[in-house]
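J.: So that we are looking at the same thing, I have put the structure below in structure tokens.
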Amino acid sequence: MKTKRIIKMVLASVMLSGIPAPAATEITYWLWDINQLPSYRACAEAFQKKNRDIKVKITQTGWFDYWTALSTGFVSGTAPDVFWDHLSRYPEFVENNLLVDLAPLIARDHVPTDIYVGGLVKVWGRGTQQYGLPKDWDTIGIVYNKAMLDRAGIKPESLRNLDWNPQGGGSFGQLIAELSLDAKGKNGLDPAFDRQNIVQYGLLLNGQSDGLGHEEWANFAASLGWNYSNGPWASHFNYDDPKLIHTIQWFADTSLKKGFIVPAKDARQAAASGLFAGQKGALALTGSWLVHWFTKNCKFEIGFAPLPKGPLGRKTVINGLADSIWIHSKHPEESWQWVKFLASPEAQMIVGGYGVVFPAVPEAAAISEKRMAERGADVSAFVDEAKEPGGTFFLPISEHASDIVRILRANLDGIFLEGADVETTLEAANKEVNSLFK
């Protein structure tokens with residue numbers, strides 16, 4: 001007892017003397033989505049309560065600037081300890097030895113990896129190495145302006161039964177023609193439709209290509225049986241596949257020749273989301289991660305529908321983000337503790353409670369779906385797509401990712417901005433892409 005009293009007296013004297021407690025180790029964490037910033041601040045708060053010796057500093061940067069800043073950070077030695085990573089980007093980081101292999105840490109701490117939506121763990125690894133643990137998933141669907149559908153006499157529920165093909169466009173092509181209006185109120189089904197004076201587009205796209213088309217043409221081409229490559233870490237791509245050529249041709253013609261899809265040059269500034277909120281079009285293709293944005297920024301009634309079915313059924317990219325640790329982090333153990341927490345059901349339940357994205361843990365995704373419904377957003381279209389057997393496919397996972405994106409972006413800009421020949425452009429692009437692996 002005497003010893004305990006002495007210890008208490010010493011501690012009290014230290015406190016009274018004004019000697020500060022040891023400073024917490026600060027780790028830096030980067031993300032790109034401002035809509036998710038509040039949920040990750042909440043995660044950091046919960047984490048720091050359990051780990052008083054670690055402080056998490058969060059920085060949010062927009063998508064395009066994010067990757068530029070990250071690349072600069074790798075070169076200059078100022079990259080964050082932990083950062084949001086993307087399936088289409090991380091292979092190049094692996095190639096350049098920029099990421100910590102989490103597999104030994106997962107084994108050491110007995111972290112369960114069977115708690116996530118199927119397939120998402122596997123795509124973040126190569127062989128026995130693991131470079132991320134799943135944090136969320138998303139699919140692609142349609143957001144619609146209900147008033148515009150009503151004026152055209154179209155019932156929203158009919159959007160669930162749309163079909164598409166690259167020859168005539170199917171019922172989806174018919175729909176976006178009907179929803180396209182010129183200055184005199186004529187729609188795209190009218191021979192007198194004036195595509196030079198359009199006041200309402202049937203379909204809105206982003207305009208600024210990411211080279212992968214995962215919010216746009218990739219899903220339609222997949223419904224014909226196309227895929228980027230033959231699997232993760234492939235060294236041969238299929239951008240010259242006739243299935244993709246026919247799909248891109250349909251999108252280009254429907255935009256540049258018919259006027260039913262907003263031209264890329266007119267969508268670059270505001271993207272599909274901004275144009276839709278400004279009521280420039282009746283439908284927009286969008287990812288489930290933007291549901292919150294649409295419900296917050298659209299001052300009119302909206303709804304969500306699945307993508308149309310192609311000849312081989314309905315197909316959508318399913319993507320899942322993960323947190324990666326920079327190989328040169330000065331605080332690798334603290335960074336791992338943060339990554340491990342974010343991958344836990346506890347953290348993903350916090351994220352799910354904000355109703356912005358679907359966390360990778362199914363129970364947390366169900367919470368998010370419920371929160372979205374409470375705000376009036378029926379997101380069953382996105383959820384049903386994810387559950388449809390054989391209905392999803394992944395973004396390309398390969399080396400040379402940034403070069404592939406650069407090549408495709410330039411060539412797709414030639415098609416959608418300048419009207420370049422689709423077949424010869426894609427054949428040349430594919431040849432250039434595949435040459436990267438020789």
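J.: Just checking, how many residues over segment 134-164 are assigned to a loop (DSSP other than H, G, I, E, B) and closer than 18 Å to Leu189 by Cβ?
T.: 6
J.: Let me ask something else about it. Would you check which residues across segment 333-349 are buried (at least 21 other Cβ atoms within 10 Å of the Cβ) and more than 19 Å from Leu31 (Cβ to Cβ) and list them?
T.: None - no residue of segment 333-349 is buried (at least 21 other Cβ atoms within 10 Å of the Cβ) and more than 19 Å from Leu31 (Cβ to Cβ), so the list stays empty.
J.: Let me ask you something else. Select from segment 48-66 the residues that are touching a residue at least 24 places away in the same chain (Cβ under 8 Å) and hydrophobic (A, V, I, L, M, F, W, C) and write down the one among them that is surrounded by the fewest Cβ atoms within 10 Å (Cβ to Cβ).
T.: Applying the filter and picking the extreme gives Trp63.
J.: Hey, could you check segment 314-332 for residues that are of a type in the set (Val, Ile, Thr) and within 18 Å of Leu395 (Cβ to Cβ) and say which is surrounded by the most Cβ atoms within 10 Å (Cβ to Cβ)?
T.: My answer is Thr316.
J.: Taking Leu175 as the residue in question, decide whether it is part of a helix (DSSP H, G or I), surrounded by 17 or more Cβ atoms within 10 Å (Cβ to Cβ) and of a type outside the set (Asp, Glu).
T.: Here the answer is yes, as Leu175 does meet what is asked.
J.: Of the residues in segment 178-192, how many are in a loop (DSSP other than H, G, I, E, B) and buried (at least 20 other Cβ atoms within 10 Å of the Cβ)?
T.: 3
J.: Evaluate segment 337-354: report whether one residue or more is in the same structural domain as Trp30 (by TED's automatic domain parsing), among the aromatic types (Phe, Trp, Tyr) and over 30 Å from Phe300 (Cα atoms).
T.: Taking every residue of segment 337-354 in turn, at least one turns out to be in the same structural domain as Trp30 (by TED's automatic domain parsing), among the aromatic types (Phe, Trp, Tyr) and over 30 Å from Phe300 (Cα atoms).
J.: Let me ask something else. Can you list the helices (runs of 4 or more DSSP H) lying wholly within segment 379-436 that have 2 or more residues being within 20 Å of Asn219 (Cβ to Cβ) and at pLDDT below 95?
T.: In segment 379-436, 380-387, 401-418 are the helices (runs of 4 or more DSSP H) which contain 2 or more residues that are within 20 Å of Asn219 (Cβ to Cβ) and at pLDDT below 95.
J.: If you check every pair at least six apart or on different chains, which have Cβ atoms under 6 Å apart with a residue in segment 83-103 that is farther than 10 Å from Gly125 by Cα and modelled with pLDDT under 95 first and a residue that is among the small types (Gly, Ala, Ser) and surrounded by fewer than 22 Cβ atoms within 10 Å (Cβ to Cβ) second?
T.: Here the result reads Glu92/Ser402, each pair linking segment 83-103 to a residue that is among the small types (Gly, Ala, Ser) and surrounded by fewer than 22 Cβ atoms within 10 Å (Cβ to Cβ).
J.: So Ala221 ticks every box in (1) small (Gly, Ala, Ser); (2) in contact (Cβ under 8 Å) with a residue 60 or more places away in the chain; (3) under 16 Å from Leu408 (Cα atoms) but one. Which box is left unticked?
T.: With respect to (1) small (Gly, Ala, Ser); (2) in contact (Cβ under 8 Å) with a residue 60 or more places away in the chain; (3) under 16 Å from Leu408 (Cα atoms), Ala221 is out only on (2).
J.: Residues that are more than 21 Å from Phe416 (Cα to Cα), hydroxyl-bearing (Ser, Thr, Tyr) and surrounded by fewer than 20 Cβ atoms within 10 Å (Cβ to Cβ): does segment 145-166 have at least one?
T.: yes
J.: Consider Lys340 carefully, then state whether it is at pLDDT 95 or above and closer than 30 Å to Asn97 by Cβ.
T.: Yes: the conditions hold for Lys340.
J.: Here's a check for you: in segment 323-363, which residue that is among the small types (Gly, Ala, Ser) and assigned to a helix (DSSP H, G or I) is farthest from Val82 (Cα to Cα)?
T.: Step by step, filter segment 323-363, then rank; the result is Gly353.
J.: Follow-up question, since we're still on this one. Taking segment 209-232 on its own, how many of its residues are buried (at least 24 other Cβ atoms within 10 Å of the Cβ) and among the polar types (S, T, N, Q)?
T.: So the answer is 2.
J.: Among (1) in the same structural domain as Lys50 (by TED's automatic domain parsing); (2) farther than 29 Å from Asn230 by Cβ, where does Phe304 come up short?
T.: For Phe304, the exception is condition (1).
J.: Within segment 416-427, is even one residue within 26 Å of Thr113 (Cα to Cα) and surrounded by fewer than 17 Cβ atoms within 10 Å (Cβ to Cβ)?
T.: Scanning segment 416-427 turns up no residue that is within 26 Å of Thr113 (Cα to Cα) and surrounded by fewer than 17 Cβ atoms within 10 Å (Cβ to Cβ).
J.: Looking at Ala79, Ala44, can you tell me which residue is modelled with pLDDT of 90 or more, within 30 Å of Ser229 (Cβ to Cβ) and not assigned by TED's automatic domain parsing to the domain that holds Val405?
T.: Just one listed residue meets the conditions, Ala79.
J.: If you don't mind, there's one more thing I want to ask. Exactly one of (1) closer than 28 Å to Val94 by Cβ; (2) in contact (Cβ under 8 Å) with a residue 12 or more places away in the chain is unmet by Ser435. Its number?
T.: Every condition holds for Ser435 apart from (2).
J.: Any residue in segment 286-309 that's of a type in the set (Ser, Thr, Tyr): show its pairings with residues that are part of a helix (DSSP H, G or I) at Cβ separation under 6 Å, as long as the two are six or more apart or on different chains.
T.: Ser288/Phe382
J.: Can you name every residue in segment 350-386 that is farther than 22 Å from Pro306 by Cα and surrounded by fewer than 17 Cβ atoms within 10 Å (Cβ to Cβ)?
T.: Across segment 350-386, the qualifying residues are Gly353, Glu363.
J.: Is it true that some residue in segment 356-370 is outside the structural domain of Val117 (by TED's automatic domain parsing), hydrophobic (A, V, I, L, M, F, W, C), out of contact with any Asp or Glu (no Cβ under 7 Å at 6 or more places or on another chain) and under 17 Å from Val121 (Cα atoms)?
T.: Checking segment 356-370: not a single residue is outside the structural domain of Val117 (by TED's automatic domain parsing), hydrophobic (A, V, I, L, M, F, W, C), out of contact with any Asp or Glu (no Cβ under 7 Å at 6 or more places or on another chain) and under 17 Å from Val121 (Cα atoms).
J.: Mind checking which residues of segment 339-390 are farther than 21 Å from Glu157 by Cα, among the β-branched types (Val, Ile, Thr) and touching a helix residue (DSSP H, G or I) at 6+ places or on another chain (Cβ under 6 Å)?
T.: Ile350, Val351, Val356, Val357, Val361, Ile367
J.: Checking Pro311 against (1) touching a Ser or Thr at 6+ places or on another chain (Cβ under 8 Å); (2) surrounded by 24 or more Cβ atoms within 10 Å (Cβ to Cβ): exactly one of these is not met. Which one?
T.: So Pro311 meets the others, but not (2).
The values are calculated or read from the model by the stated rules, or taken from the named source; none is laboratory data. Note that the structure is predicted; figures quoted are calculated from it, not measured. Please note: Cβ atoms are built from the backbone with ideal geometry, for glycine as well, and neighbour counts cover all protein chains shown.
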